[in-house]
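For reference, the structure is listed below as structure tokens.
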Amino acid sequence: MMYRHTPQGLVCITQPAHAWVSGQLARSWGNDRFGTFAPWEAVCLGAEQHDIGWLQWEAMPTFNPETGHPHSFIEMETESHIALWSSASRLAMPYGRYVSLLVSLHGTSLYEHHTRWQQSPKLRPIVQRFLQQERDFQTELIATLQKDTYYQNYANPETIALNQKLVAIWDSFSLLLCMGLNQPKTIEQVPTFTSETDLTLTPIHTDIHTGATQITVDPWCFQTEQVQLAIEGRLLQEMAKDEQSMRHQLKTAPWTTISIKLEPKPSR
């Protein structure tokens, strides 16, 4: 769960809905400068399903008494977060091995890059067990993919690393769009056809009534001249007193769809 603050209230966007936006970005991605990726369908689906481990939690979100709202993903305790990610790659397996591999790699990368858990004697063994479990799983998957005549060209370390990084880029991109931009933001070290570059996202206009937002992206990294995205969420207009009332409010809250239009930065 993540929040988008609007004049009408708090828009609650689920992790799978945010991941769907990642998938929308993936399916529009690539041009002469940024190249493409493969296997295209599997990587797009991996981006779209990278938060599949949150499905059950999102159906029964936990209550944050300090805010009166569901816990956001940044408010989750590490033990709960690990429990979600420990099942994510297995939940993705019915979609296929490559999708499951990308989900697993995304989960381990979160704890490889955010390492505050290493300072906690309580959390350190929990996270280490999770990382070892997932790394063993990844090794098994890669071994089977390398023997598969269809996937073997996409199961080498360089291609897997590129696809993992792209999923992380689309994840960061989607988070910025879902949570709302009120000033320029930069996504660093984005892979291009020959090297890497930084992307700058600049909000140009936001409709205060609908939330529809126009954003420029520089340099332009998509196939078409503009990209139209849709983000769905529930609009909460008051705080809850307890978990039961919060879940009821969330279940009955009106739906809202936020339209995002991405465009290249105008040339001068």
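Coordinate-derived values only; no laboratory data. Bear in mind that the values here come from a model prediction, so they are computed numbers and not experimental data. Virtual Cβ from ideal backbone geometry, glycine too; neighbours counted across all protein chains shown.
Diagonalise the Cα gyration tensor of the chain and give the resulting equivalent ellipsoid semi-axes, square root of 5 times each eigenvalue, largest first, whole Å.
Semi-axes (√(5λ), whole Å): 29, 27, 16.
Could you check how many percent of all C-alpha pairs in the stretch 42-114 are farther apart than 16 Å?
50
In the stretch 1-132, if the dipole is taken from +1 on Lys/Arg beta carbons and -1 on Asp/Glu beta carbons about the Cα centre, which of THR78, VAL11, GLN119 is farthest to the positive end?
GLN119
Cα centroids of the stretch 160-182 and the stretch 1-15: how far apart, whole angstrom?
Cα centroid of the stretch 160-182 versus Cα centroid of the stretch 1-15: 18 Å apart.
In whole Hz, what ³J(HN,Hα) sequence does the stretch 235-250 give by Karplus (6.51, -1.76, 1.60; θ = phi - 60°), x for Gly and Pro?
Each residue of the stretch 235-250 in turn: 9, 9, 10, 8, 7, 9, 8, 7, 5, 4, 5, 4, 5, 5, 4, 5 Hz.
Karplus couplings for the stretch 56-66 from phi (6.51 cos²θ - 1.76 cosθ + 1.60, θ = phi - 60°), rounded to Hz, Gly and Pro as x?
Result, rounded to whole Hz: 5, 4, 5, 6, 9, x, 8, 9, 9, x, 6.
Kindly provide the pair-distance distribution of the stretch 171-213 built from C-alpha pairs, with 10 Å bins from 0 and whole-percent values in order of increasing distance.
25, 47, 22, 6, 0
Using 0.36 nm per residue, how much length does the chain from ALA143 to GLN189 gain when fully extended, once their Cα-Cα distance is taken away?
That works out to 13.7 nm of additional length.
Evaluated at 4 °C with a viscosity of 1.567 mPa s, what Stokes-Einstein diffusion coefficient in µm²/s does the stretch 200-268 have when Rh comes from the Kirkwood expression over alpha-carbon pairs?
Calculated translational D: 91 µm²/s.
Whole-Hz ³J(HN,Hα) for each residue in the stretch 68-85, computed from phi via Karplus 6.51 cos²θ - 1.76 cosθ + 1.60 with θ = phi - 60°, x for glycine and proline: what do you get?
Listing the rounded values in order: x, 10, x, 4, 7, 5, 7, 9, 5, 6, 4, 4, 5, 5, 4, 4, 5, 6 Hz.
Sticking with the crude label model, points 7 Å out along Cα→Cβ, report the distance from LYS122 to GLN244 in nm, one decimal please.
For the pair LYS122/GLN244, the computed spacing is 2.8 nm.
Which is the longest run of the chain containing none of the chymotrypsin sites (Phe, Trp or Tyr not before Pro) found in DSSP loop states (not H, G, I, E, B) with at most 12 other C-beta atoms within 10 Å?
Answer from the scan: 1-149.
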